[in-house]
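The values are calculated or read from the model by the stated rules, or taken from the named source; none is laboratory data. Source: prediction; values computed, not measured. Cβ coordinates were reconstructed from backbone atoms using ideal geometry, including for glycine residues, and neighbour counts include every protein chain displayed. For accessibility, only protein heavy atoms count, side chains too; no ligands or nucleic acids. Shrake-Rupley method; radii C 1.70, N 1.55, O 1.52, S 1.80 Å.
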Amino acid sequence: MALTEINFDGLIGPSHNYAGLSPGNLAATRNAGAVSQPRAAALQGIAKMRANLALGLTQGIFLPHARPDHRWLASLSTDYDRAAPHLRAQALSASPMWAANAATVSPAPDTADGRCHLSVANLVTMPHRSHEWPGTLAQLRLAFAHPAFAVHGPVPAPFGDEGAANHMRLCPRHGEPGVEVFVYGVSGGPFPARQHREASEAVVRAHGLDPARTLFVQQSEAAIAAGAFHNDVVAVANERVLFAHEHAFADREAFYADLTRLMPEVEIVEVPADRLTLADAIGSYLFNAQLVTPPDGQPTLIVPTEARDNAAVWAWLQDHLAGNGAVRRVEVVDVRQSMANGGGPACLRLRVVADPATIDPRFLLDEARLDRIAAVVEAHWPEAIGADDIADPALIAGIVAARRALLEALELVELVDS
């Protein structure tokens, strides 16, 4: 079985709008009420996926959820027409596009039963995300139905679990046993800490991970308070490389020592605070990048255009490349619509190490399949959504029709009600 890292990107849905629903996510709250561009947003995401394919990476996709979420509103004894404005916005959110929050994934080499385990995240901290998991679980169970996988339901409330955005895996090669790192929050100053240690511990037990090769690391309160609502806003890992801001972790020296003990070949690339402030790191989403290994073996960092636009960030990256550091290549992608809602390149994808032959092929991509998706987006996704538009029945009908057209084009109509 050939184990490969596959990036599953969430396609930005037709209900993409800027409602500012996520306290602690500075970009999302700053842009609340702005006019969104769902069609441009989805096409930006498709272009990112094409760029990954061009690098030789294996690419998958997760699809937008049914929006508005009428079942969730019914559980609150209301419906979209009668719901308060904030409930309408929460029911319409396109936040499932951030696939890094879909689940936590432990590849087969790390688990006791030799299967790849996926635990859907409950996302209970934020109301607009708390109702995502049933739709996500439906897609996970379809895409990963092969016996090579074990798909788990969510950790129960009140233990908050936000998925792979707070999970890192380091290993010599993707197909070899690794060290799994679970980052949790205790306090975030004025903002909530979204990942609870108890939730991470439950996922570890469900996945059958070796406690001796599993680390629990506390995120620094300063990072959360500065707007690093998930660990992947200040740190990212891939194979032997850990790339992190100096202030990402509460006790970085103890973490680095434990990691080096378990994996002596680890390469820790830490950006010092005197070169890059937390504000610059979070504003540019330098660390919310995809750190990948293309077939040529050159560790590559896929950053948003905002990282290139920030002089301090771009200077540090150029110095690192010139110094022959662990990261050998930097690629820039335009995901401005996602960035304005608080999610960069890493937010948009879930990493799964598996044999592609064991995955439902409808969730895997090539250029032809991306062409088909792009055609649906061009034809059906709204061009713009303003703050007042979400009360327009015609817009809502168009959002529902757009998603159905996509599912029909991809022969995934069994997800219409999910």
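Once you charge only the Cβ atoms, +1 for Lys and Arg and -1 for Asp and Glu, what is the size of the charge dipole of the chain about its Cα centre, to the nearest 20 debye?
Using Cβ point charges on Lys, Arg, Asp and Glu, the chain gives about 340 debye.
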Exercise. Take every Cα pair under 8 Å in the range 1-144 that's 6+ residues apart, average their separations, divide by the length, and report that relative contact order as a whole percent.
Key: 24 percent
Exercise. Determine the calculated [θ] at 222 nm for the chain from helices alone, applying -39500 (n - 2.57) to every DSSP H run no shorter than 4 residues and normalising by the residue count; nearest 500 deg cm²/dmol.
Key: -9500 deg cm²/dmol
Exercise. Using a 10 Å cut-off on Cβ atoms, rank the peptides 162-172, 361-371 from the highest mean neighbour count down.
Key: 162-172, 361-371
Practice problem: Pick out which of 141, 252, 82 has the largest mean-square fluctuation in a Gaussian network model of the chain, springs linking Cα atoms closer than 10 Å. | Solution: 82
Quiz prompt | Fraction of beta bridges assigned by DSSP in the range 285-402 that are antiparallel (%, nearest 5) | solution = 40 percent
Self-check item: Total charge dipole magnitude, the range 256-360, about the Cα centre, Cβ charges on Lys, Arg, Asp, Glu only, Debye to nearest 20
Solution: 100 debye
Quiz item: When the distances between all Cα atoms of the range 134-266 are binned every 10 Å from zero, what whole-number percent does each bin get?
Solution: 12, 40, 36, 12, 0
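Just the number, please: carbon plus sulfur as a percent of the accessible area of the range 316-418, 1.4 Å probe, no ligands or DNA/RNA counted.
Whole-percent figure for carbon plus sulfur exposure: 49.
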Quiz item: Across the Cα atoms of the range 272-414, what radius of gyration and what greatest pairwise Cα-Cα distance (Dmax) are found, in Å?
Solution: 19.2, 56
Quiz item: Based on the alpha-carbon gyration tensor of the chain and its eigenvalue square roots a ≥ b ≥ c, which shape applies: rounded if a/c is under 1.5, prolate if not and a/b is larger than b/c, or oblate?
Solution: rounded
Exercise. Place the peptides 194-205, 220-231, 287-298, 10-21 in order of packing, highest mean first, counting for every residue the other Cβ atoms within 10 Å and averaging per peptide.
Key: 10-21, 220-231, 194-205, 287-298
Practice problem: Note down the net charge around residue 380, summing +1 for each Lys or Arg and -1 for each Asp or Glu among other residues with Cβ under 14 Å from its Cβ. | Solution: +2
Quiz item: Of the residues 192, 158, 107, which exhibits the maximal mean-square fluctuation in a Gaussian network model of the chain defined by a 10 Å Cα contact cut-off?
Solution: 158
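What number, in nm² with one decimal, is the all-direction average of the projected area of the convex hull of the alpha-carbon atoms of the range 365-418?
Mean orientational projected area (the range 365-418, Cα hull): 4.4 nm².
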Quiz item: What whole number of Å gives the distance from the Cα centroid of the range 356-407 to the Cα centroid of the range 293-307?
Solution: 27 Å
Quiz item: Hey, any idea what % of the range 6-147's accessible area is carbon plus sulfur with a 1.4 Å probe?
Solution: 56 percent
Exercise. Could you tell me which of rounded, prolate or oblate describes the range 24-108, using a ≥ b ≥ c as the square roots of the eigenvalues of the alpha-carbon gyration tensor, with rounded for a/c under 1.5 and, failing that, prolate when a/b is larger than b/c and oblate otherwise?
Key: prolate
Quiz prompt | Contact order normalised by residue count of the chain, Cα under 8 Å, 6+ apart, percent | solution = 23 percent
Quiz item: Counting only heavy atoms of protein chains, what accessible area per residue, in Å², does the chain have with a probe of 1.4 Å?
Solution: 36 Å²
Quiz item: Dividing the convex hull volume of the alpha carbon atoms of the range 195-265 by its residue count, what do you get in Å³ per residue?
Solution: 98 Å³
Quiz prompt | Electrostatic dipole magnitude of the range 195-262 [Cβ: Lys, Arg +1; Asp, Glu -1; Cα centre; debye, to 20] | solution = 180 debye
